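First the structure, in the form of structure tokens, and then the observations on it.
The values are calculated or read from the model by the stated rules, or taken from the named source; none is laboratory data. A quick note: this is a predicted structure, and the numbers were derived from the prediction, not measured. When we count neighbours, we look across all protein chains shown, and the Cβ atoms used for this are built from the backbone with ideal geometry, even at glycine. Quick note on the areas: whole protein, heavy atoms, side chains included, nothing else; ligands and nucleic acids left out. Shrake-Rupley method; radii C 1.70, N 1.55, O 1.52, S 1.80 Å.
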Amino acid sequence: VALKRMLNFNVPPVKNSTGEPVWKVLIYDRFGQDIISPLLSVKELRDMGITLHLLLHSDRDAIPDVPAVYFVMPTEENIDRMCQDLRNQLYESYYLNFISAISRSKLEDIANAAIGANAVTQVAKVFDQYLNFITLEDDMFVLCNQNKELVSYRAINRPDITDTEMETIMDTIVDSLFCFFVTLGAIPIIRCSRGTAAEMVAVKLDKKLRENLRDARNSLFTGDTLGAGQFSFQRPLLVLVDRNIDLATPLHHTWTYQALVHDVLDFHLNRVNLEESTGMESTPAGARPKKKNKKSYDLTASDKFWQKHKGSPFPEVAESVQQELESYRAQEDEVKRLKSIMGIEGEDEGAISMLSDNTAKLTSAVSSLPELLEKKRLIDLHTNVATAVLEHIKSRKLDVYFEYEEKIMSKSTLDKSLLDMISDPDAGTPEDKMRLFLIYYISSAQAPSEIDLEQYKKALMDAGCNLAPLSYIKQWKAFAKMASAPTSYGNATPKPLGLFSRVMNTGSQFVMEGVKNLVLKQQNLPVTRILDNLMEMKSNPETDDYRYFDPKMLRGSDSSVPRNKNPFQEAIVFVVGGGNYIEYQNLIDYIKGKQGKHVLYGCSELFNATQFIKQVDNFDNL
């Protein structure tokens, strides 16, 4: 909503206005591009009158009779470039929108440039948009994508970090969270664990919200903000969690569609990039191997199949793609059949009487063609994506890993020793084995004895694993143990449901032989459990000493005692140090069972297991 208002020159778009939109160009930087691209397609931009969208730092030609809407971060180089645009008189008028608040001195720089360029009248509006976060789903956001290594798990947890570096990271996170609440139009009640980076974020955010509320003239939270009507009268709860409370989940192999896509494919800001395999035909000897085609697909809110199945277990997804395909083929055959009837010549009475009836049918069939084509596009897209995922599942035995890890995390009995899993040359990549071992190490109440550990290490080395991440996890575990009891992950293990009935049909695209049909039982991961305690006001040793902040109170207090004793209807969970789709999905599944309640998931960055292992890998050189 905020973006559409901005693209409409900062006035809310009128619903049924006929007539053409005002044509304009959109100039953004990489930050702006990352914020807009998951939300608005090129077609939607065009419908709003955006004929051209260009990066600020690209070579742009003057278009003197068109207004330009800028959407950029208020950085030094961006502002220099905007001043240059003013001097070069590139556009008819300038609507300057800053993603995050611009400082007074930088604003004066622009004013001076405008005076110098004699362009003051052309600068139509200057706005702070407070949109410095990226929305990936209706209920999920992430802070940034450019420079994300600045706020990464690794950056926050480096042992040699200086206080000033830590302050900078925290300020960056707080700036984005502040933008998030300005956009929501709500002041949260904040809860966080003590002694963690999450607590530093809470303290700073509380202070920033408090200062803004006190400044009555410039407060951003007075009645007429966008989000005012979005939430009920009750204020939302913000739970700030530190990644360190649970390092097993980011390493976990997963079984739901969206999380699998993120784990095994290149999936980034809602776009998945696939290398298309060129089929099995062998290349003649001596010929150049065929180049793999790269294809990218957007998995967005308008993709109904994705919205419905992104949280489903993979076998269900394969089955649904197959069903969609069959129903599509049936519709397609119907259109063909009608066409052949319509082509009937001759004096056949029956055909003539059928004609009038069929004309109506054909008209409706033809009018549903665009819809059919869209359906076909989605089926092809998900066939490709699901096939790519399935190749990984089969070649790496991910179903076995998933089931085994779930058993470890829920302390169930294991049917196969961990050593066998690690030593099995057919099961998984070295990284898969390392992930499995780290989960075992993190989840075990007692760390394995030195002798056992040596044995595991040898097996891991033989399997070609990189052992570097273990040393970090060891330190972390020793530290976390002092801080608290090991986290429990509930005790539900997935139940295998016999092999697929439908998908095993010979006609199916997906050859699922040998892949287990695992169904998930809902069990709350640590982050979801913490939310449940705080949202429902349950007393629990895990969360009883969480700090409580209410920015609306005159004086801040260092208390853990909630003033508000009623359960919350809306909550935002934000993970400082990075999140993942497994946790997001777990929260969504949890809240489905709670009538009328909403939860949003946010994190400082989104990483999959591979990216997470990379981050804890080079802690060795400290």
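Quick notes on this structure:
- GLU165 open to solvent by 70 Å² or more (accessible area, probe 1.4 Å), over 30 Å from ALA301 (Cβ atoms) and at pLDDT 95 or above: no
- Any hit, segment 362-372, residues being touching a helix residue (DSSP H, G or I) at 6+ places or on another chain (Cβ under 7 Å), closer than 30 Å to TYR441 by Cα and at pLDDT 70 or above: no
Residues checked against (1) outside any helix (DSSP H, G or I); (2) at pLDDT below 95; (3) out of contact with any strand residue (DSSP E or B) (no Cβ under 8 Å at 6 or more places or on another chain):
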{"site": "LEU150", "(1), (2), (3)": "no, yes, yes"}
{"site": "ASP160", "(1), (2), (3)": "yes, yes, yes"}
{"site": "VAL174", "(1), (2), (3)": "no, no, yes"}
{"site": "LEU177", "(1), (2), (3)": "no, no, no"}
{"site": "GLY195", "(1), (2), (3)": "yes, yes, yes"}
{"site": "GLY223", "(1), (2), (3)": "yes, yes, yes"}
{"site": "LEU240", "(1), (2), (3)": "yes, no, no"}
{"site": "ASN244", "(1), (2), (3)": "no, yes, yes"}
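- Exactly one residue out of LEU131, LEU136 is in a strand (DSSP E or B), under 25 Å from SER41 (Cα atoms) and open to solvent by less than 20 Å² (accessible area, probe 1.4 Å), and it is LEU136.
- Among the residues of segment 284-305, some residue qualifies, meaning at least one is part of a helix (DSSP H, G or I) and either at pLDDT 85 or above or touching a strand residue (DSSP E or B) at 6+ places or on another chain (Cβ under 6 Å) (or both).
- Segment 134-181 - residue that is under 19 Å from the mean Cα position of the chain (by Cα) and small (Gly, Ala, Ser) and, of those, farthest from TYR472 (Cα to Cα): SER176
- Selection from segment 380-414 of residues that are of a type in the set (Val, Ile, Thr), part of a helix (DSSP H, G or I) and open to solvent by 10 Å² or more (accessible area, probe 1.4 Å): THR383, THR387, VAL400, ILE408
- Output for segment 22-73, where each listed residue is part of a loop (DSSP other than H, G, I, E, B), farther than 24 Å from VAL142 by Cβ and in contact with a strand residue (DSSP E or B) (Cβ under 8 Å, 6 or more places away or on another chain): VAL22, TRP23, GLY49, ARG60, ALA62
- Of the strands (runs of 3 or more DSSP E) lying entirely inside segment 529-616, those containing at least 1 residues that are closer than 16 Å to MET140 by Cβ and in contact (Cβ under 8 Å) with a residue 12 or more places away in the chain are 570-576, 598-603.
- Pair list, Cβ under 6 Å, 6 or more apart: segment 454-473 residue in the same structural domain as GLY428 (by the TED database) and among the basic types (Lys, Arg), other residue outside any helix (DSSP H, G or I) and open to solvent by 50 Å² or more (accessible area, probe 1.4 Å): none
- Applying the condition of being of a type in the set (A, V, I, L, M, F, W, C) and either in contact with a Pro (Cβ under 6 Å, 6 or more places away or on another chain) or open to solvent by 10 Å² or more (accessible area, probe 1.4 Å) (or both) to segment 548-570 and asking which residue is modelled with the highest pLDDT yields PHE549.
- For segment 89-100, a residue qualifies if it is in contact (Cβ under 8 Å) with a residue 40 or more places away in the chain and in a loop (DSSP other than H, G, I, E, B), and the qualifying residues are ILE99, SER100.
- Scan of segment 180-193 for residues that are surrounded by fewer than 22 Cβ atoms within 10 Å (Cβ to Cβ) and assigned to a helix (DSSP H, G or I), ordered by number: LEU184
- Residues (open to solvent by 30 Å² or more (accessible area, probe 1.4 Å) and at pLDDT 90 or above) located in segment 10-42: TRP23, ARG30, PHE31, GLN33, SER37, LEU39, SER41, VAL42
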